[in-house]
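What follows is a single structure, written as structure tokens, with notes after it.
Please treat every number below as a calculation from the coordinates, not as lab data. Because the structure is predicted, anything quoted here is derived from the model rather than measured. Backbone-built Cβ (ideal geometry, glycine too); neighbour counts: all protein chains shown.
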Amino acid sequence: MKRIAVALVVGWLTSQAAPAADTYKIDPAHTSVGFTISHLVISEVEGRFNEVAGEVSVESNALTAAKATIQATSVDTHVGKRDDHLRSPDFFDVQKYPTITFESTKVEKNQITGKFTMHGVTKEITFPFVLKGPIQDPWGNSRLAVTAETSLNRADYGMKPFPGVGDEVKIKIVAEATLPKK
């Protein structure tokens with residue numbers, strides 16, 4: 001009788017375990033990784049990266065992890081000559097460093113910390129984020145969005161100074177992600 005009672009209690013306790021996190025895949029068609037940088041101290045140039053992949057994990061409607069890979073070759077400022085220059089060794093050096101990556105190491109409330117790698121240099125960064133969703137879209141998919149903004153110093157990532165171009169880069173990420181159907 002004691003064995004049955006113990007088995008029932010153990011069974012009940014294990015059934016009460018926290019649910020596993022859901023892993024959402026970033027939807028590149030509805031995701032934007034943009035940046036702004038000072039030009040000649042009097043204006044700013046905006047750009048974006050057109051190719052991003054990754055995932056975000058959510059448990060009990062709270063972000064628990066995130067990782068992303070950006071193709072540095074996809075830099076786009078709407079000026080082809082400038083984009084080619086940004087891909088060169090003067091800036092991203094995409095032949096040597098084709099990707100920019102982020103992988104979270106800690107999430108607390110509305111701040112995420114992780115390893116950010118750009119231009120072959122990895123540093124820990126922390127930035128605020130806003131999670132919206134999950135919601136059911138009109139096609140029956142579970143979707144969510146994560147918006148995050150931060151600034152970084154490109155010199156900290158081994159990028160050389162360049163006349164007229166600022167060192168501080170403002171980054172804005174708006175990522176929409178979908179939970180794969182089982």
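Compute the acute angle (0 to 90°) between the alpha-carbon long axis of helix 2-15 and the principal axis of greatest extent of the alpha-carbon atoms of the chain; round to the nearest 10°.
Between helix and principal axis, roughly 30 degrees.
In debye, nearest 20, what is the charge dipole magnitude of the chain about its Cα centre with +1 on Lys and Arg Cβ and -1 on Asp and Glu Cβ, if you could check? Before the final figure, lay out each step's value.
Values: 21 positive and 21 negative charges, 151 e Å.
That gives the chain a dipole magnitude of about 720 debye.
So for the chain, taking the charge dipole from beta-carbon charges (+1 Lys/Arg, -1 Asp/Glu), which of Gly120, Gly166, Ser74 sits furthest toward the positive end?
Gly120
With just the Cα atoms defining each centre, how far is the stretch 112-182 from the stretch 20-63? Give it in Å.
So the separation of the two Cα centres works out to 4 Å.
Taking the Cα of His39, stepping 7 Å toward and past its beta carbon, and measuring to each backbone N in the stretch 67-107: which are under 14 Å?
Answer for this model: 76-86.
Report the full-extension gain for the segment Thr69 to Lys132: residue separation times 0.36 nm, less the Cα-Cα distance, to one decimal in nm. Walk me through the numbers on the way to the answer.
Numbers: separation 63, 0.36 × 63 = 22.68 nm, distance 2.14 nm.
Gain in length upon complete extension: 20.5 nm.
Cut-off under 18 Å on the C-alpha distance; same-chain residues fewer than 8 positions from Lys170 excluded. Which lysines are left, in chain and number order?
Lys115, Lys123, Lys160
What nm distance separates the two modelled labels at Lys182 and Ala20, each placed 7 Å from Cα along Cα→Cβ?
Each label point is offset 7 Å from its Cα along the Cβ direction, giving 0.8 nm.
Using a Cα-Cα cut-off of under 21 Å, which lysines could be cross-linked to Lys132, ignoring same-chain neighbours fewer than 8 residues away?
Lys25, Lys67, Lys106, Lys109, Lys172, Lys181
Which label marks the calculated value of Cα Rg over 2.2 N^0.38 Å, given the options [x] 1.00; [y] 1.07; [z] 1.31?
Identified label for the calculated read-out: [z].
Once every DSSP H run of n ≥ 4 in the chain is given -39500 (n - 2.57) and the sum is divided by its residues, what mean residue ellipticity at 222 nm do you get, rounded to the nearest 500 deg cm²/dmol? Working shown, then result.
Details: 2 runs with 22 residues, N = 182.
Rounded to the nearest 500, it is -3500 deg cm²/dmol.
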